[in-house]
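The values are calculated or read from the model by the stated rules, or taken from the named source; none is laboratory data. Note that the coordinates shown come from a computational prediction; the quantities given were computed from them, not determined experimentally. Here the Cβ positions follow ideal geometry from the backbone for every residue, glycine too, while neighbour counts run over all protein chains shown. With ligands, DNA and RNA removed, areas are computed over all heavy atoms of the protein, side chains included. Shrake-Rupley method; radii C 1.70, N 1.55, O 1.52, S 1.80 Å.
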Amino acid sequence: MYLQEMGLSEYEASTYVGLLQGGTSTAKEVANRAGVPQSRVYGVLDSLKTKGFVVVQEGRPKKFGPVEANRAVSQFREFKRREHVRKLDEIQGLGEHFLNAVDDADYGTATDEVDISWSYPNRHHILEKLERLAEDASEEILMITTPESFERIANHHAELLAAKAAAGVEIRALISDDREIDAAVRDRTTEMMEMRFVQDIRGRLYTYDGTNVLLAFKAPNDDGYVGISTTSPHLYATLSQLFELLWEDGEPV
């Protein structure tokens with residue numbers, strides 16, 4: 001049950017538990033013990049190997065052994081983290097293609113009345129949009145960002161964020177560990193939010209109250225930035241899973 005809630009399929013979970021119970025086994029033995037069809041067992045074992053649950057002993061016949069449970073869970077968390085980082089990079093790339101397509105189509109400038117907006121080539125419009133989103137937040141503000149962007153937000157929105165924290169809004173920030181945060185910014189923000197360092201942060205992602213999302217990244221053609229915002233509880237649900245996975249692996253600032 002727990003393995004399936006973590007993200008394994010029913011066959012994957014049964015196969016791994018069967019290996020824990022019976023030890024190193026052939027594929028046929030695994031299939032019989034776990035109740036997995038013979039036609040599916042090799043695919044299931046390959047998937048478990050990729051996710052960090054199984055080791056393979058080459059030979060005739062090939063045998064499969066269980067990775068120790070604590071290490072398997074740790075490896076699976078790392079697998080999911082890489083997967084979500086890859087998806088976030090994919091979103092960034094698709095966003096760039098989308099914006100180029102909008103430019104080519106000459107649709108005009110987005111307004112605040114639409115669900116999706118974009119702004120470039122400078123940071124000013126993105127900071128203004130972040131401020132409006134933070135002003136409307138009443139429950140939660142989550143950030144995945146870089147030290148530079150975090151310091152910029154903290155300096156521009158310090159009073160607003162402090163007021164939101166005092167009003168009971170939960171504020172958490174995941175910050176790339178490229179470098180230390182400015183000491184003055186760190187001391188000031190520690191009082192209003194939780195912060196953790198993580199690796200491999202490239203784009204910037206901000207979510208508010210389970211519905212509002214803003215993705216920002218450097219524009220490919222100049223030294224400016226592009227910001228994409230949308231109101232979507234479905235997108236938020238996916239991105240919040242990414243946030244929580246990274247949060248678990250983060251180091252407190």
- Note on the structure: Counted residues in the range 170-183 being over 18 Å from LEU160 (Cβ atoms) and open to solvent by 60 Å² or more (accessible area, probe 1.4 Å) come to 5
- Item | Residue selected from the range 50-70 under the condition open to solvent by 50 Å² or more (accessible area, probe 1.4 Å) and without any contact (Cβ under 8 Å) to a residue 12 or more places away in the chain, by the criterion nearest to VAL17 (Cα to Cα) | GLU68
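So which of ARG186, ARG202 ends up being surrounded by fewer than 19 Cβ atoms within 10 Å (Cβ to Cβ) and closer than 30 Å to ALA101 by Cβ?
Exactly one of ARG186, ARG202 is surrounded by fewer than 19 Cβ atoms within 10 Å (Cβ to Cβ) and closer than 30 Å to ALA101 by Cβ, namely ARG202.
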- Pairs under 8 Å by beta carbon, first residue within 15 Å of LEU214 (Cβ to Cβ) in the range 231-253, partner open to solvent by 70 Å² or more (accessible area, probe 1.4 Å), six or more apart or different chains? THR231/ASP115; SER232/ASP115; LEU242/LYS87
- With the first residue restricted to the range 77-88 and required to be more than 10 Å from LEU245 (Cα to Cα), and the second required to be of a type in the set (Val, Ile, Thr) and surrounded by fewer than 18 Cβ atoms within 10 Å (Cβ to Cβ), Cβ contacts under 6 Å at 6 or more apart or on different chains are none
- Message: What's the number of the only condition in (1) surrounded by fewer than 20 Cβ atoms within 10 Å (Cβ to Cβ); (2) assigned to a helix (DSSP H, G or I) that LEU161 fails to meet?
- Response: (1)
- When THR15 is evaluated against the numbered criteria (1) surrounded by 18 or more Cβ atoms within 10 Å (Cβ to Cβ); (2) polar (S, T, N, Q); (3) touching a Phe, Trp or Tyr at 6+ places or on another chain (Cβ under 8 Å), which criterion, by number, is the only one it fails? (3)
- Query: Only one residue in ALA31, ALA101, ALA27, ALA105 is open to solvent by less than 40 Å² (accessible area, probe 1.4 Å) and either free of Cβ contacts under 8 Å to residues at least 24 places away in the same chain or not small (Gly, Ala, Ser) (or both). Which one?
  - Reply: ALA31
- Residue check for VAL73: open to solvent by less than 80 Å² (accessible area, probe 1.4 Å), in contact with a helix residue (DSSP H, G or I) (Cβ under 6 Å, 6 or more places away or on another chain) and at pLDDT 85 or above: no
- Message: Considering only residues that are part of a helix (DSSP H, G or I) and within 19 Å of VAL253 (Cβ to Cβ), which ones fall in the range 165-178?
- Response: ALA165
